[in-house]
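Below: one structure, written as structure tokens.
The values are calculated or read from the model by the stated rules, or taken from the named source; none is laboratory data. Keep in mind the model is a prediction, meaning the values are calculated, not measured. We place every Cβ from the backbone using ideal geometry, glycine too, and count neighbours over all the protein chains shown.
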Amino acid sequence: MTQVLIVEALRSPLQDRRGPAPVLPADERAGAVLRALVRRAGVDARELDGVWVGAQVPGTARLAVAAAGLPLTMPACTVPAGHAAGLAALQLAATAVVARRRGPVLAAGASGPVPDPAPGPTAWWRAAWPPAVEAEDRVGRLAGLGEEEVAAFRARAHDDPGDLGEVVDRGGDFADAGPGPDRVAAAGVLLADEEAVRRLRLRVRGRIAAVAAGAGDPALGPLAVVSAVERALEEAGLHVGEVDLVELDASAPVAALAALRTLGLDAARTSVLGYPDAAVPGLAGLPRLCRLVHALPRRRARIGLCAATDGLGQAWAVVVDARTYD
């Protein structure tokens, strides 16, 4: 079976909206991270086999290829899958590695200005899908969560994350990034199979053991992460007790805590790496995954799990195996 290996994983520095950070379009943000991934991995861009970018603006991936200075013959696909579009892009890129068995591929997510007017839900969906706050309240009541418990989790998960090596060098496109914490502008990973790793003599940081999507009742949309995690663990052949580090999208702390309790996850190993992302379109989860990839070997850990919701009653979960690549 083809292994989907993680060659590199990077995110941009935290952007502080209170500072002078420029409002870059999503393609320039993604392009800066793609360029950094190729440079850090030491890959000849002509060896790449494709690019997938999660973003809300059509054509972002193609423009990001140009912004990154990659060959314009590079196929590129934009994945507009809500807040967690970056994780959806990763799923498509990983599938391409297994199916095509050619060169390395890039997957990224980027936030940026959304066109006005932004597309909204249909009349049917507006009727079935309650406001996010209402859905969170329902989930909190079902899980029996108290306000103090939610506040404590939010404070812990939002600690300033610092840098474990997953941050793009400050400078160039991100020279004016403020000290944070606020939000990440873009994040991405470079993936390859075993043959490409051997042929190009690439360093490997880990393996994608599974990527899965889940969905649920819009009225309980935040709990879609439970379905995604269960599917990802089943696909990886693992149980909850084997997971060493868990990173859940903490922009919705009620949902994260409810998922933690429902799945039986260890609170001491959940969302402990800091807060490198926020609920911004296209990006939820992917910066946290980049951080997880770099944290596993530092903590002498083996299995990591990352999950995030897309804001529309769906979620993605990724299982990373670092046991043979640390």
Among the residues of segment 54-65, is there at least one that is in the same structural domain as Glu194 (by TED's automatic domain parsing), touching a residue at least 60 places away in the same chain (Cβ under 8 Å), under 24 Å from Leu164 (Cβ atoms) and in contact with a Gly (Cβ under 7 Å, 6 or more places away or on another chain)? yes
Would you check which residues across segment 279-301 are in contact with a Leu (Cβ under 7 Å, 6 or more places away or on another chain), modelled with pLDDT of 90 or more and not in a helix (DSSP H, G or I) and list them? Ala301
Might you check whether a residue that is surrounded by 24 or more Cβ atoms within 10 Å (Cβ to Cβ) and in contact with a Cys (Cβ under 7 Å, 6 or more places away or on another chain) occurs anywhere in segment 245-259? yes
All positions within segment 201-240 that are farther than 19 Å from Thr262 by Cα, of a type outside the set (A, V, I, L, M) and buried (at least 18 other Cβ atoms within 10 Å of the Cβ): Arg205, Gly206, Arg207
Which residue is surrounded by the most Cβ atoms within 10 Å (Cβ to Cβ), if the candidates are limited to segment 83-97 and must be hydrophobic (A, V, I, L, M, F, W, C) and over 16 Å from Gln56 (Cα atoms)? Ala93
Criterion first (outside any helix (DSSP H, G or I), touching a Phe, Trp or Tyr at 6+ places or on another chain (Cβ under 8 Å), closer than 19 Å to Arg29 by Cα and modelled with pLDDT under 70) does Pro113 satisfy it? no
Considering only segment 66-94, state which residues are closer than 26 Å to Leu200 by Cβ, without any contact (Cβ under 8 Å) to a residue 40 or more places away in the chain and of a type in the set (S, T, N, Q). Thr73
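To keep it simple, each residue is scored yes or no on (1) crowded, with 19+ Cβ neighbours inside 10 Å; (2) farther than 24 Å from Ala256 by Cβ; (3) in the same structural domain as Ala258 (by TED's automatic domain parsing); (4) at pLDDT below 65.
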site	(1), (2), (3), (4)
Ala76	yes, yes, no, no
Ala81	yes, no, no, no
Ala99	no, yes, no, no
Trp129	yes, no, yes, yes
Glu149	no, no, yes, no
Would you mind stating whether Ala209 is part of a strand (DSSP E or B) and modelled with pLDDT of 95 or more? yes
